[in-house]
Amino acid sequence: MKARSIAWIAGAMVFAVTATADARPDTRTMSCEQVRSLIQGHRAAVLTTGQNTYDRYVRPFGNECDWPDVPTAASVPTRDGQCRVYRCGEPVFDFPR
């Protein structure tokens, strides 16, 4: 009986640790300034942007993107409206004709 309760407690602890490890900061609960500071402080961050959506956001002038990708403008929802941030994307070349 004692072994079962110890195993149950150990299993619950493992579940609790792994459940919180998957948690990502949610932009909808943060201000725009908090989102930008988080990205700037960590150089890049994976952020939740909706109930089932997330993405990796980077500093605008860093080298966090793999070549040939570059930081491209994006917008995420925050508690104080939309916030302009950057994520890695293909460069767009618009040559005049």
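The values are calculated or read from the model by the stated rules, or taken from the named source; none is laboratory data. It should be emphasised that the depicted structure is a prediction, and the values quoted were computed from it without experimental measurement. A quick note on method: Cβ atoms are made from the backbone with ideal geometry, for glycine too, and the neighbour counts reach across all protein chains shown.
How many of the residues in segment 38-72 are out of contact with any strand residue (DSSP E or B) (no Cβ under 6 Å at 6 or more places or on another chain), farther than 14 Å from residue 27 by Cβ, in a strand (DSSP E or B) and of a type outside the set (Val, Ile, Thr)?
Final tally of qualifying residues: 0.
Name the residue that is surrounded by the most Cβ atoms within 10 Å (Cβ to Cβ), counting only residues in segment 56-83 that are among the charged types (D, E, K, R) and farther than 12 Å from residue 36 by Cα.
64
Need the failing condition index for residue 34 against (1) modelled with pLDDT of 95 or more; (2) not in a helix (DSSP H, G or I), just the number.
(2)
Condition first: surrounded by 14 or more Cβ atoms within 10 Å (Cβ to Cβ) and either at pLDDT below 90 or β-branched (Val, Ile, Thr) (or both). Can you find one or more residues in segment 4-24 that meet it?
No, because not a single residue in segment 4-24 is surrounded by 14 or more Cβ atoms within 10 Å (Cβ to Cβ) and either at pLDDT below 90 or β-branched (Val, Ile, Thr) (or both).
Can you tell me which condition residue 95 does not meet? The list is (1) without any contact (Cβ under 8 Å) to a residue 24 or more places away in the chain; (2) surrounded by 15 or more Cβ atoms within 10 Å (Cβ to Cβ); (3) farther than 11 Å from residue 35 by Cα, and all the others hold.
(2) is the only condition that residue 95 fails.
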